[in-house]
Structures are given as structure tokens and as C-alpha cells.
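Attaching a single structure in C-alpha cells format; questions to follow.
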Number of protein chains: 2
Amino acid sequence: MRMVAATVAYDGTDFYGYQGQRTFRTVQGDFENALEKIFKEKVICHGSGRTDTGVHAYGQVIAFKVPNDRMTVQNVKDALNSVLPNDIYIRELKEVSLKFNPRFMAKKRIYHYYIYTGKQPNIFMRNRVWWFPYDLDIEKMREAAKHFEGEKDFSSFKTGNDERNPIREIKRVRIIRTSKDMILIRVEGTSFLKRMVRNIVGSLAKVGTNTWEPQRIKEIIEAKDRSKAPASAPPEGLYFYRVMF
Amino acid sequence: MRMVAATVAYDGTDFYGYQGQRTFRTVQGDFENALEKIFKEKVICHGSGRTDTGVHAYGQVIAFKVPNDRMTVQNVKDALNSVLPNDIYIRELKEVSLKFNPRFMAKKRIYHYYIYTGKQPNIFMRNRVWWFPYDLDIEKMREAAKHFEGEKDFSSFKTGNDERNPIREIKRVRIIRTSKDMILIRVEGTSFLKRMVRNIVGSLAKVGTNTWEPQRIKEIIEAKDRSKAPASAPPEGLYFYRVMF
């Protein structure tokens, strides 16, 4: 019996999120279907984080036990990739300790969020980026982003049904113009509340359009009241980029 | 009565090509449905070229008559974009002569073809580029591409059911490395036979992998025999990029 960890990319467009097994199409459901095809038995898998409907992953980590000793790790990777649907791909697969837990042992998670500010939509990127056709003041957004860094109570930036401890640590928020009309927001943290990254991006967009002053972010965090924060940014711009253990 | 020309982008993934009206989903069918919704009558439209199933367009030109005099050209553009599905978008719309014919009056057509040579697939580009994970010798491909330029009999590079005059003029074939793992093949010509660009790309790939010498292209053109040419490159890498009148 070996435990392995897969680094998985998926296009979230046609999934009802990561978690769940039957009824709706989910990444976990499709992944477990692939495992069952290869190993001829039910194998449960565990992800590093739950992505919502429409949210993508470049580096989700999914761990599972390999029920036989015959296949090499490379064989398992190739076999799974050959039966997984074409919107999920295992980039890497390696053996890990039997005690490995990708959710509780994650030390850092990195999310990327892309905002496309072109005046006309780019249909080829319609499910890959948030089309937000406004000029954004990057310097103001960077100033605002500083307020998110540190260990804080993020009650204002979660969704109502997340009842976990609202204190989270954000290590860094970077705002990068990757091309004339594309902005990448990179958020690094230990763990995140539900919709937290999309709520952060939604409020940074308010600052970028000069609707809000950067200082407003500090006030909203201190209010610990989610009714103060703006609408979430949509799922299509968000990528679960990397997990570090 | 005014004639207008629309410059249209579409994601060809979910279309059975440009041409056709009922039964299967086509770009022309969806475009005419949108016209009927706006103008409350059937309006026929004419494209500059027929793209096959899965082939994209960035600058297809579609002409139609506007049956009323009330709407400005901007109104027509906005109204159509609001009812068109999200994989078709009118980038520009302008009034043209009543005699305008986008197919017969086109002086130059430009196609772009993207080859992604990364060793692993990029699932986010799976319907946008040809994933061909081999090292390509760009210099050899450029040497081969020269043989396509000029007015020639392209019988070896069409599909069997295209019975039109096989003599076509290719003005230029450029091969550009746009990033480490991405190659763009840009083909400019007056008009093209069915599958001609994809057949050209398929044979350039044979040269790029050193399976064929560049000189082989010249021999295949001179053979005027389509059984000599290799398999077509797949549709997902091809974009009908621009038409000049």
C-alpha cells in the first residue's frame, strides 16, 4: 500500500466545483471514477482545497492510496491521464508518506486571479478571466492590497455559510500587469475561507476604479461584517495555483 | 436599405463550421437567428469564407442587409451582440456598398495556426491550439514554407470533395516562435481550397520533426496528387484571422 500525491490542473468551467461525488459533475467525482476504472475498486481521494463551480486549478494536490503494488508511480500517472476527461490533467504524481494529508498539512496556498480590462470581450478567454472593461489604478490597488496582509479576522470576506474560525493569515498579495489589458492578482496564504479570494478581488476592483479609497479596505476588515464587503469577483478568473507543504 | 459588413470573432469549438442553417449548430445559423430576433424577419447573411467544424475566427467578415432605416450601425452592432451566444462576437460593424460581396470581393485572406509543443498538454488551451509535443526545427520549416509561396496548382493540398480550380496564390507563409513552446504559422493568400491551410501545416510539421526534407514539399506540390500529402493538422489550432478587400 502506497500513498501518492497528484498535482492536478483542471478547467473548472464544466464542473460543479471540486467536492462531491454523484448527482452533479465534480472534479473529485471524475477523479474517483478514473481511479475505479484503473484499480477496479473504489478509491477515495482527498484534495488540498475545495474550489467552487467554475473555478480552475493549475496545482490542486489530490492524494489517494494505490491499492496494488504492481504499478510504478509513472504507470499510475499515465493510466489515470489516459482515462481522465480532457479537462483534468495530472501534471505530476509522486509517492508520499502514508500519513500525508493534503488539506491539513498544507503550509501555503497560492491563488491567481486574472482580470481582463480590454474594452471588448475576448471570446477565446471567456471562461478563463474576468472581463472587467475598466481602467484600473494599479498603484491604488497595491496600496489597498497591503491591508489584507497579516493574520486577521476575515469575517468581512467570507460567505455566510462558512462557520470556521475567521482568523486567517495572508502572507502576500501581489498585483502584476502581465500585458496591456491583463492584470494578475496573486494571493498567498496559509488557508482561506469560502469565497475569500474572490471577495478580496471584488474589493480590490472597487479600489482600482477609484470607487473606494485604499483605506476603505482597512475599515471593512475591522468591521468584521460581511455585509460591508462588495460582490465577489466571478469564478472564471480564479486559479488554485499552487500548494506548498 | 443598407448593406453592412461585420467583423466577427467566434470560438469554433461548439460549431459544426460556419456554413449551414438548421439541424446542426453553425455560425451562420446562429447569426441568422440573431438577425431574425432583432429585425423580426428572416435576413440572409454571407461570410468571407467557410470554416470547418472546430476552426475559429478572429476576423471573419459577414455581410447582410439591414431591413430597416431606424437603427444606426452602432445600434445594430450592440443589439446583435446582446442576442448572439457568448462564443460569437461582432468586433466591428460598418456600412458598405450595396454591391459588397465578402466572398468574391476578398483580395487577401490571412489564417493563423498555433502549434503548442510543450511536453505536457495545457488543458486551458485544449481547444485553441494543436498540441504537438515534439521539438520543431523552425529553420527547416521556413525553408519548406518558401515552396508554398506563389501561384501554384495546390491539388496535393486540398480535400477530395473540393472540385474548384486548384490553382491558388499564396502570398506569404511566415513561421514565428511566439514563446518557448508556441509556434504561429501565418498564411496569407488570395483564396484557399478546402482544408488547404491545415494540409500545409500538417506537412510543415513533418519537416519540423525532420521526418521530411524541405525539398519534399516542392515534390509534393508538383505531384498534384493529394495522396502524397500527409494528414491535415487538426482544426483547433486554426483561426480565420483577417480578410482584406
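First measure r as the distance between the Cβ atoms of A:Met244 and B:Asp78, then evaluate 1/(1 + (r/R0)^6) with R0 = 35 Å and state the FRET efficiency to the nearest 0.05.
Details: r = 47 Å, r/R0 = 1.34.
Step by step, r from the Cβ atoms, then E = 0.15.
I'd like the FRET efficiency for A:Thr190 and A:Lys94, computed as 1/(1 + (r/R0)^6) with the beta carbon distance as r and R0 of 25 Å, rounded to 0.05.
Details: r = 23 Å, r/R0 = 0.91.
Step by step, r from the Cβ atoms, then E = 0.65.
Let me ask another. Take chain B, connect every pair of alpha-carbon atoms lying under 10 Å apart with a spring to form a Gaussian network, then pick out the residue of B:Gly20, B:Gly29, B:Gly47 with the largest mean-square fluctuation.
Its mean-square fluctuation being the largest, the pick is B:Gly20.
Here is a further query. Chymotrypsin sites (Phe, Trp or Tyr not before Pro), restricted to region B:78-175: which are DSSP loop and have at most 15 other Cβ atoms within 10 Å?
Sparse-neighbourhood loop chymotrypsin sites (Phe, Trp or Tyr not before Pro): B:Phe104, B:Tyr134.
Tell me the relative contact order for chain B as a rounded percent, counting alpha carbon contacts under 8 Å between residues six or more apart. Before the final figure, lay out each step's value.
Details: 549 pairs, mean separation 59.0, N = 245.
Worked out over chain B, it gives 24 percent.
Also, I was wondering about something else. Treating only the Cβ of Lys, Arg, Asp and Glu as charged (+1, +1, -1, -1), what charge dipole size does region A:2-96 show about its Cα centre? Round to the nearest 20 debye.
Numbers: 12 positive and 12 negative charges, 59 e Å.
Dipole size: approximately 280 debye.
At 7 Å along Cα-to-Cβ for each site, give me the label-to-label distance between A:Ala223 and B:Ala106 in nm.
5.4
Using a label point 7 Å beyond Cα on the Cα-Cβ vector, give me the inter-copy distances for B:Asn161 in nanometres, one decimal, shortest first.
Distances between equivalent label points, in nm: 4.9.
Then there is this: Given Cβ point charges of +1 (Lys, Arg) and -1 (Asp, Glu) and nothing else, what value in debye, to the nearest 20, does the dipole of chain B about its Cα centre take?
On the way: 43 positive and 29 negative charges, 74 e Å.
That gives chain B a dipole magnitude of about 360 debye.
Another question, if that's okay. Quick check on my link table: of B:Lys65/B:Lys107; A:Lys140/A:Lys228; A:Lys37/A:Lys107, which ones sit more than 26 Å apart, alpha carbon to alpha carbon? Can you show the working numbers first?
On the way: B:Lys65/B:Lys107 22 Å; A:Lys140/A:Lys228 20 Å; A:Lys37/A:Lys107 32 Å.
Over 26 Å Cα-Cα: A:Lys37/A:Lys107.
Once you sort the root eigenvalues of the Cα gyration tensor of region B:135-245 as a ≥ b ≥ c, which label holds: rounded (a/c under 1.5), prolate (a/b larger than b/c) or oblate (the other case)? Before the final figure, lay out the partial values.
Working: a/c = 1.60, a/b = 1.21, b/c = 1.32.
It is oblate, given that a/c is not under 1.5 and a/b is not larger than b/c.
Mind listing the label-point distances from A:Tyr16 to the same position on all other copies, shortest first, one decimal in nm, points 7 Å along Cα→Cβ?
Shortest to longest, the spacings are 3.0 nm.
Are there any chymotrypsin sites (Phe, Trp or Tyr not before Pro) in region B:24-87 that are in a DSSP loop and have at most 11 other Cβ atoms within 10 Å? List them by number. Before the final figure, lay out the partial values.
Working: sites: B:Phe24, B:Phe31, B:Phe39, B:Tyr58, B:Phe64; in loops: B:Phe24.
Answer in residue order: B:Phe24.
Here is a follow-up. In nm, one decimal, shortest first: how far is the label point of B:Lys65 (7 Å from Cα along Cα to beta carbon) from the matching points in the other copies?
Its label point is 7.4 nm from the equivalent points in the other copies.
If you find the alpha carbon centre of region B:1-68 and of region B:155-186, how far apart are they in angstrom?
Between the Cα centre of region B:1-68 and that of region B:155-186, the gap is 24 Å.
Longest span of chain B, sites excluded, free of GluC sites (Glu not before Pro) in DSSP loop with at most 14 other C-beta atoms within 10 Å? Each step should come with its number before you reach the end.
Values: sites that count: B:Glu41, B:Glu163.
Looking at chain B, B:42-162 is the longest stretch - no exposed GluC sites (Glu not before Pro) with at most 14 other Cβ atoms within 10 Å.
Rule-based calculations on the coordinates, nothing more; no lab input. Worth saying up front: this structure is predicted, and the values here are computed from it rather than measured. Neighbour counts are summed over all protein chains in view; Cβ atoms, including those assigned to glycine, are modelled from backbone coordinates with ideal geometry.
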